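Structure first, commentary second.
The values are calculated or read from the model by the stated rules, or taken from the named source; none is laboratory data. Note that the structure is predicted; figures quoted are calculated from it, not measured. With ideal geometry, Cβ positions are generated from the backbone for all residues, glycine too; neighbour counts draw on all protein chains shown.
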């Protein structure tokens with residue numbers, strides 16, 4: 001065994017020791033699930049709401065915004081909304097989803113068959129609204145309710161929220177807390193030498209609303225994840241110059257002549273940016289498409305969790321707070337499809353409804369350790385990635401919920417590759433699931449993203 005592996009393993013075991021020092025009070029579940037509090041009314045919060053309602057659980061969803069929808073609800077405000085609440089949505093105009101809708105649908109609630117495989121963001125929001133109407137979820141949702149604190153009080157949770165319309169604080173007692181506040185809330189902007197001296201505009205893609213303001217501008221786009229690649233397709237042919245800094249290896253499409261690929265950044269000056277190859281570009285605007293971190297500012301040490309921007313631990317099945325099993329999470333997972341959140345929601349609702357029992361603390365710890373040991377690096381602890389199909393199987397076996405079929409993983413993997421192979425055209429196809437293992441795909445001629453047969457709520 002190499003010295004580096006020994007050191008990494010020793011550090012990891014030390015972290016484990018820190019995590020599990022102290023008493024583990026709060027491990028038992030209530031005999032009856034009298035009241036559950038759900039934080040967030042986006043996709044994940046709506047998913048768990050449907051299942052909680054089906055199980056007859058008494059619950060309330062606390063949503064900070066004036067409407068449900070989470071990151072799928074477009075809000076033209078930047079920074080804060082009319083109520084002075086942070087804008088949590090990252091939605092922008094002309095967005096189309098970047099994975100086939102079959103990987104994003106709620107269980108037993110498919111899009112109409114005539115919906116394109118890659119509907120617009122506006123269409124997906126209509127789908128969420130239709131879901132809320134279908135299952136009468138608004139009766140359990142409080143909007144304009146920003147959760148500010150969740151603390152453990154011995155045998156229950158105290159949840160404090162502010163009503164953003166009247167600025168009044170309220171506290172409720174919860175037997176269960178479901179944290180479903182989203183994955184794309186806290187944007188990350190890396191620190192570079194001289195960035196504070198740059199005199200142009202600087203935003204994160206979280207605050208990007210539309211391409212038009214960048215017409216005729218010299219724009220630096222940083223990053224080539226999902227958002228970075230998508231913004232490159234929106235901006236390359238309207239800017240005076242689009243300077244794209246990233247290190248992704250992919251089949252770069254034929255961008256407009258004003259598109260310039262650059263390596264990683266060395267530093268900034270007042271009017272531009274130096275790159276690690278020694279080159280320089282003058283730019284007017286910077287857009288950082290550099291990802292997000294998990295964000296749970298309402299939790300404190302009484303949660304029993306070890307948290308940072310890149311991880312939350314220890315979570316059994318990436319869901320259950322092992323120190324306080326009456327607290328569960330949706331969406332604290334990496335490299336998965338949206339439908340994983342629906343499965344997590346079904347698991348949580350079944351747990352709260354008493355449909356199955358958790359393993360012992362030792363068994364949960366063993367399962368968590370088996371997974372964590374594969375990665376050793378803390379920021380990868382919440383990764384599912386290539387094990388997504390096995391993850392679906394584990395949730396289904398333990399909680400008795402519907403298992404998502406292996407074909408979804410096949411579609412996920414093909415789409416990820418195809419997006420990098422054919423960035424401009426990968427959405428111009430439709431998909432049909434044949435059975436649990438197979439699907440077919442065909443070219444639809446392109447331009448179907450705005451077709452949306454979903455009925456408005």
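Looking at this structure, is residue 298 in contact with a strand residue (DSSP E or B) (Cβ under 6 Å, 6 or more places away or on another chain), surrounded by fewer than 23 Cβ atoms within 10 Å (Cβ to Cβ), assigned by TED's automatic domain parsing to the domain that holds residue 375 and more than 13 Å from residue 388 (Cα to Cα)?
On the way: in contact with a strand residue (DSSP E or B) (Cβ under 6 Å, 6 or more places away or on another chain): yes; surrounded by fewer than 23 Cβ atoms within 10 Å (Cβ to Cβ): yes; assigned by TED's automatic domain parsing to the domain that holds residue 375: yes; more than 13 Å from residue 388 (Cα to Cα): yes.
Answer is yes for this residue.
Conditions: (1) touching a helix residue (DSSP H, G or I) at 6+ places or on another chain (Cβ under 6 Å); (2) in a loop (DSSP other than H, G, I, E, B); (3) under 30 Å from residue 147 (Cα atoms). Residue 325 meets all but one. Number of the miss?
Looking at each condition in turn, residue 325 falls short on (1).
Restricted to the range 395-421, and to residues that are surrounded by fewer than 15 Cβ atoms within 10 Å (Cβ to Cβ) and more than 17 Å from residue 104 (Cα to Cα), which residue is nearest to the chain's Cα centre (by Cα)?
417
Name every residue in the range 58-70 that is more than 18 Å from the chain's Cα centre (by Cα) and in a loop (DSSP other than H, G, I, E, B), in order of residue number.
58, 66, 67
So is residue 363 without any contact (Cβ under 8 Å) to a residue 40 or more places away in the chain, within 12 Å of residue 336 (Cα to Cα) and part of a helix (DSSP H, G or I) or not?
Numbers: without any contact (Cβ under 8 Å) to a residue 40 or more places away in the chain: yes; within 12 Å of residue 336 (Cα to Cα): no; part of a helix (DSSP H, G or I): yes.
Criteria not met by residue 363.
Of all residues being touching a strand residue (DSSP E or B) at 6+ places or on another chain (Cβ under 7 Å) and outside any loop (DSSP other than H, G, I, E, B) in the range 71-104, which is surrounded by the fewest Cβ atoms within 10 Å (Cβ to Cβ)? Just the residue, please.
So the residue we want is 80.
Before we move on, is residue 441 in contact with a strand residue (DSSP E or B) (Cβ under 6 Å, 6 or more places away or on another chain), at pLDDT 95 or above and not in a helix (DSSP H, G or I)?
Numbers: in contact with a strand residue (DSSP E or B) (Cβ under 6 Å, 6 or more places away or on another chain): yes; at pLDDT 95 or above: yes; not in a helix (DSSP H, G or I): yes.
It is true that residue 441 is in contact with a strand residue (DSSP E or B) (Cβ under 6 Å, 6 or more places away or on another chain), at pLDDT 95 or above and not in a helix (DSSP H, G or I).
Identify the single condition in (1) buried (at least 20 other Cβ atoms within 10 Å of the Cβ); (2) touching a strand residue (DSSP E or B) at 6+ places or on another chain (Cβ under 7 Å); (3) closer than 28 Å to residue 89 by Cα that residue 273 does not satisfy, given that it satisfies every other one.
(3)
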